[in-house]
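The values are calculated or read from the model by the stated rules, or taken from the named source; none is laboratory data. Here the structure is a predicted model, which is why all the values come from computation and not from measurement. Glycine also receives a Cβ, built like all others from the backbone with ideal geometry; neighbour counts cover every protein chain displayed.
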Amino acid sequence: MTVLRRVATGGVATFVIWVAIAMLAPNVLGSSTFRLGELEYILALLMLATGLNIVLGYAGQLFLGPSAFFGVAGYAAAIVATHNAGLQSLWVMCLIGAVTALIVAAVVALPSLRIGGFYLGMLTLYLALVVPDVVSHWSLAGGQQGLSLVTDLNFVQSPTGVPLYQIGVLILAVLALYSWVIKHSRLGRRLAAIQASNEMAQSLGITSYSTKVAAFMLAAVPCGIAGAYYFYAVQFMNPSVITPNMSIDVLAGITIGGGGTVLGPIIGTGLVGSASQFLGGFNQYQGIVYGIALIGVAIGAPTGIMGQYAKLKERFLPARPAVAPLAGKQREAARGAGGPAAANSRGTSDGSPRPGGDGPGVLLRATNVSRGFGGVRALDGVNLTVTPGVVHALVGPNGSGKTTLLNLISGFYRLHGGEICLGPHRLDTRRADQIAQLGIARTFQTPKLLDVESALTNVVVACDRHAAAPVVSSVLHTRGGLRAERTGARDAYAMLKEVGLDEESFRFAGLLPHGTQRLLEIARAMALRPKFLLLDEPAAGLSAAEVQALSRAVRSAADQGVGVLLVEHNLPVVFGLADQVTVLHQGRVLAEGTPSDVSANPEVVRIYIGRERLTADDRITPEGASS
Amino acid sequence: MTLFFTAVTVGLGIGAIYGLVGIGYTVIFSATRTFNLAQGDLVMVGVMLSWFMMTLNHVPQILTLLTVVTFVALISWIEERLVVRPFLKRGSSAFGWFIATLGFSVVIETVVNNLFGNHAISAIPSPFPSTGFKVGSVIVSYQNSFVFVVFIVVILALEIFQRKTWIGQAMRASSEDREAVSLLGINPSVMSQSAFLIAGAIAGLTGWAIAPIVFSDPSIGLSYTVKGFLALAIGGFGSVRGAVVGGLLLGIAEQLFDVYGNSDYEIVVGLVIVLAVLILRPEGLFRSSAARAV
């Protein structure tokens, strides 16, 4: 039971205490059938919130119709149970609920995630309208009256009363664990990457469509169980239970509590659910309060109660460094990587080869590449070849097409003419994530990082690409999955050490200085074990010391056989670092050659207005660079 | 065939409502790249205010119309100032505004429910006779045709506004190339406020026009919010043309399904069409330049 052991090292005591308190709630609040019904309704809402949070909180996808899944699952359980006395057990109903919710999730998610964004939001919101409307007309579902087991003389509710409520608490506890396990897995990191930036996720080789579909399916399960548990406990299902207001309540709960955390949605929805059940006169006005809360939280505090709690903790407990959550186990794993052997092996502790398996000498070749924006030809018949182990700088004035070329190679823009190949593979027909998977890593002009995760986790996301165990084992935290997690953390740590960031491993990436963030991005890109590394103006805004660290990292990458394409404005950096320089001007190649060839080219000197020629002062030779 | 053509003519009227909501979205989307999820509830406010003025207080039609349009436009403008502006200033690409405008719609609905929720749903007077006119064997209701006329008028007025006025041209251009417009020095805040005022006025006008058809039901808002969006998803995102075609198609399809299928499950029609469109032609029937920004 590796899962339990893992939890045992974390906040297991807190977890048990909370479960125990929840179990004892009827002792304080009363255990009449009516009161238990209220409590069980709140439990169902909490289960629903736990499911919704996986899509909304972890992956940042607008899933706004959880009540539809709740309803479909609850009704499926109800229809089966009212027609078949043999299928009236709680567990059978939960199974039926979960399976039904999964089917509906697939029907909705597969098409709408193709576009995603607010399409998904609107469609799921529409679903929240469709389900109650349809069942209210459907005779099998009992129409407006709904379905009830109360009058079914065959039905024996067992467990019943307080134990039934307590079983609900346990189900919720298991679902919270389920949510935790997803969050702290390779899948959870991928979801976080997609939420942070779709481009970033793609650049790390993450296929966002299938990852989002996976999140949607995983989210459907708790929603389905919630509906089935509710029906079993209350023995009653009717269209007025599953109005869109239920979705709004849960949405408000998650937003208020803080999406993306395991506990936030439970706290927030607990507040919302308790208010609607126990504050009678409040019901009439709760829409105003929730509406304002939704607006307020969306505008002012996107991380809800949990985010505010973390901020307060940081302010009042300054003795503790800002360590990203659950870094403890990673820290343990990373310690194992402290030795020099691990660092020297580039952190590829399993020594597996670079992806693609095309051998070492593969070239990155852009042939006759053209791309226009409106009427402007940003690139016009550009040829470029990058060789492994070579630092190839791409320079030129603003608007000369450098970044455009980089975006074309990495698949973020579509080509209008020509072709881009990596060895035998055409790149320009592939998606960005496929290109990354073929071994092209990149950084961004403005670093794109998981701000609220540790620096280490940021690199682990990239190491995940080469994890030895499948995603499922990572989610299930099996022995192999955990081993892969440890290897990932170790590799990531070694990678950070290589760029000199091992000291920052456990700090939040978003709180690191700008220059450090760029180095972190390079460490992350290198953790993909790329064949080619594309750097988009990495030296912009860096201090002299940071530039040196950057130069060392770039040189070391090239020494390991990676071809580096460096888009850079800072000519001294370029001339100190590059083996090969291509100068772009107005979308065409103006000059090409070694730094000294290019700096001697009168055309090149002329376009850099105000400079007669480049002098020795422009050069800095980075310390430790081996060239 | 009479049945068929009756369904189509009724569908044109209903589709015009979806189209009007969709146009409201398009106006705001092209100026701000956000979406107002309260659009349907603003229509609902138009309906309820018409009911309050005409049924309860016997205010004349014209005065009601002017008040409703002004009032709803004002609410929409307030929404822009309080709810949407922070997101525009932040320039974030996340969907916070989606949640925030949804929150605003919940507030509106709750307020209206608290004010008028206890009243029985009742009729709202129409300026037209409750009968219809005959085209061949098909009887066309006056009020339904009137909604369609309003729809056409709004489309034409918007077209003239976008061609003839400076701010309209800016909005039109913005739907095609946002960066270029900001480079021309057009204040994005003015554009965003105008868009919300216009979309609010359209919502108010729509509410007044459909009031005699839908009665005083304060729960219709979310349904129009979503149906208006479906119109856009079907027709194609970001263009008035997409909203018009998508709205009419959806309206007619629903009515045909009512006649030849089962009116109890009318609500499923939109879902099926949209899922089919997403599978076969994700950018909608009419592609527009703004669609890729989604």
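Return the only residue of A:GLY291, A:GLY259, A:GLY268 being farther than 24 Å from A:GLY142 by Cβ, in contact with a Pro (Cβ under 7 Å, 6 or more places away or on another chain) and within 14 Å of chain B (Cβ to nearest Cβ). Working first, answer last.
Values: A:GLY291 fails: in contact with a Pro (Cβ under 7 Å, 6 or more places away or on another chain); A:GLY268 fails: in contact with a Pro (Cβ under 7 Å, 6 or more places away or on another chain).
After applying the criteria, what remains is A:GLY259.
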Quiz item: Taking into account only those residues within the stretch B:272-294 that are part of a helix (DSSP H, G or I) and modelled with pLDDT under 75, which is surrounded by the most Cβ atoms within 10 Å (Cβ to Cβ)?
Solution: B:ALA290
Quiz prompt | Every residue from the stretch B:110-121 that is more than 7 Å from chain A (Cβ to nearest Cβ) and either assigned to a loop (DSSP other than H, G, I, E, B) or of a type in the set (Val, Ile, Thr) (or both) | solution = B:VAL112, B:GLY117, B:ASN118, B:HIS119, B:ALA120, B:ILE121
Quiz item: Does the stretch A:152-161 contain any residue that is modelled with pLDDT of 90 or more and in the same structural domain as A:ILE194 (by TED's automatic domain parsing)?
Solution: no
Self-check item: Residue that is farther than 26 Å from A:VAL581 by Cβ, in the same structural domain as A:THR594 (by TED's automatic domain parsing) and touching a strand residue (DSSP E or B) at 6+ places or on another chain (Cβ under 7 Å), where the choices are A:ARG426, A:ARG431
Solution: A:ARG426
Practice problem: Could you list all residues from the stretch B:36-79 that are under 12 Å from B:ALA195 (Cα atoms) and surrounded by 24 or more Cβ atoms within 10 Å (Cβ to Cβ)? | Solution: B:ASN36, B:SER76, B:GLU79
Quiz prompt | Positions within the stretch A:99-149 being under 24 Å from A:TYR209 (Cβ atoms), away from chain B (no Cβ under 12 Å) and buried (at least 22 other Cβ atoms within 10 Å of the Cβ), in sequence order | solution = A:THR100, A:ALA101, A:ALA105
Practice problem: Please find, among A:MET217, A:MET246, the residue that is outside the structural domain of A:HIS466 (by TED's automatic domain parsing), within 21 Å of A:LEU125 (Cβ to Cβ), of a type in the set (A, V, I, L, M) and surrounded by fewer than 22 Cβ atoms within 10 Å (Cβ to Cβ). | Solution: A:MET217
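Within the stretch A:497-515, track down each residue that is in a helix (DSSP H, G or I) and farther than 13 Å from A:VAL459 by Cβ.
Narrowing the stretch A:497-515 to residues in a helix (DSSP H, G or I): A:497-498, A:502-504, A:509-511, A:514-515.
A:GLU503, A:GLY510, A:LEU511, A:HIS514, A:GLY515 - these are the residues of the stretch A:497-515 that are in a helix (DSSP H, G or I) and farther than 13 Å from A:VAL459 by Cβ.
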Exercise. Could you list, in sequence order, all residues of the stretch A:416-439 that are under 28 Å from the mean Cα position of the chain (by Cα), over 24 Å from A:HIS466 (Cβ atoms) and surrounded by 17 or more Cβ atoms within 10 Å (Cβ to Cβ)?
Key: A:ASP428
Quiz item: Among (1) under 26 Å from the mean Cα position of the chain (by Cα); (2) buried (at least 19 other Cβ atoms within 10 Å of the Cβ); (3) of a type in the set (S, T, N, Q), where does A:SER400 come up short?
Solution: (1)
Self-check item: Answer residue from the stretch B:162-185, given it is of a type in the set (A, V, I, L, M) and crowded, with 17+ Cβ neighbours inside 10 Å and is modelled with the lowest pLDDT among those
Solution: B:VAL181
Exercise. Scan the stretch B:218-249 for residues that are crowded, with 24+ Cβ neighbours inside 10 Å, at the interface with chain A (Cβ under 10 Å from one of its Cβ atoms) and assigned to a helix (DSSP H, G or I) and jot them down.
Key: B:LEU222, B:THR225, B:VAL226, B:LYS227, B:GLY228, B:PHE229, B:LEU230, B:LEU232, B:ALA233
Quiz item: Could you count how many residues in the stretch A:555-573 are at pLDDT 85 or above and either on the phi > 0 side of the Ramachandran plot or not in a strand (DSSP E or B) (or both)?
Solution: 9
